[in-house]
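Novice: The structure that follows is given in the form of structure tokens.
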Amino acid sequence: MSDGETMVQTEIVFDGSRFLLAQDQDVEELRRRIEAATKTGGTFVDMVVVGNRAISVLITPTTQVTISVSSVAYDPRDTGDVDFPYSGFYDAL
């Protein structure tokens, strides 16, 4: 990680399960896909999270979703490229 550099990190919570979105994720477009999925009986919504891992979350009309943003230390590995995953939170352990 670089000293002094920061980046915006977006956390998304689905019914209590927390994920940090990869840097290349378009949050506004993801919000639209989540909102559209709530109008169906249930639809999977795909995204890439920190660690460059692809995930799919089943969104239903009763799914509770919270999105928050914060400024964190810059991490050049957080590219959103699922061909180059890394451990994210667990690198420090």
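The values are calculated or read from the model by the stated rules, or taken from the named source; none is laboratory data. Please read all numbers here as calculations on a predicted model, not as lab measurements. Cβ atoms come from the backbone with ideal geometry, glycine included; neighbour counts cover every protein chain shown. For the accessible areas, the whole protein counts, side chains as well, though only heavy atoms, and no ligand, DNA or RNA atoms are used. Shrake-Rupley method; radii C 1.70, N 1.55, O 1.52, S 1.80 Å.
Novice: Applying 1/(1 + (r/R0)^6) with R0 = 35 Å to the Cβ-Cβ distance of Leu58 and Met7, what FRET efficiency is obtained, to the nearest 0.05?
Specialist: So the FRET efficiency works out to roughly 0.75.
Novice: Can you give the angle from 0 to 90° between the axis of helix 27-38 and the longest principal axis of the chain, with both taken from C-alpha atoms, to the nearest 10?
Specialist: Compared with the principal axis, the helix lies near 30 degrees.
Novice: Let me ask you something else. Hey, what's the chain come to in accessible area per residue, 1.4 Å probe, Å²?
Specialist: On the way: 5930 Å² over 93 residues.
Result: 64 Å² per residue.
Novice: Under the rule of -39500 (n - 2.57) per DSSP H run of 4 or more residues, summed and divided by the residues of the chain, what mean residue ellipticity at 222 nm is obtained, to the nearest 500 deg cm²/dmol?
Specialist: Dividing the helical sum by the residues of the chain leaves -4000 deg cm²/dmol.
Novice: For q = 0.20 Å⁻¹, what log10 I(q)/I(0) does the chain give under the Debye formula with an equal point scatterer on each alpha carbon and no solvent?
Specialist: Log-scaled intensity ratios, in q order: -0.98.
Novice: Another one. Starting from the Kirkwood Rh over alpha-carbon pairs, what translational D in µm² s⁻¹ does region 1-47 have by Stokes-Einstein at 20 °C and 1.002 mPa s?
Specialist: So the translational diffusion coefficient is about 171 µm²/s.
Novice: Which percent of the accessible area of the chain is formed by carbon and sulfur heavy atoms (probe 1.4 angstrom)?
Specialist: Values: 3080 of 5930 Å².
Carbon and sulfur: 52 percent of the exposed surface of the chain.
Novice: Once you charge only the Cβ atoms, +1 for Lys and Arg and -1 for Asp and Glu, what is the size of the charge dipole of the chain about its Cα centre, to the nearest 20 debye? Present the calculation step by step, with values, prior to reporting the outcome.
Specialist: Working: 7 positive and 15 negative charges, 98 e Å.
Dipole magnitude for the chain comes out near 480 debye.
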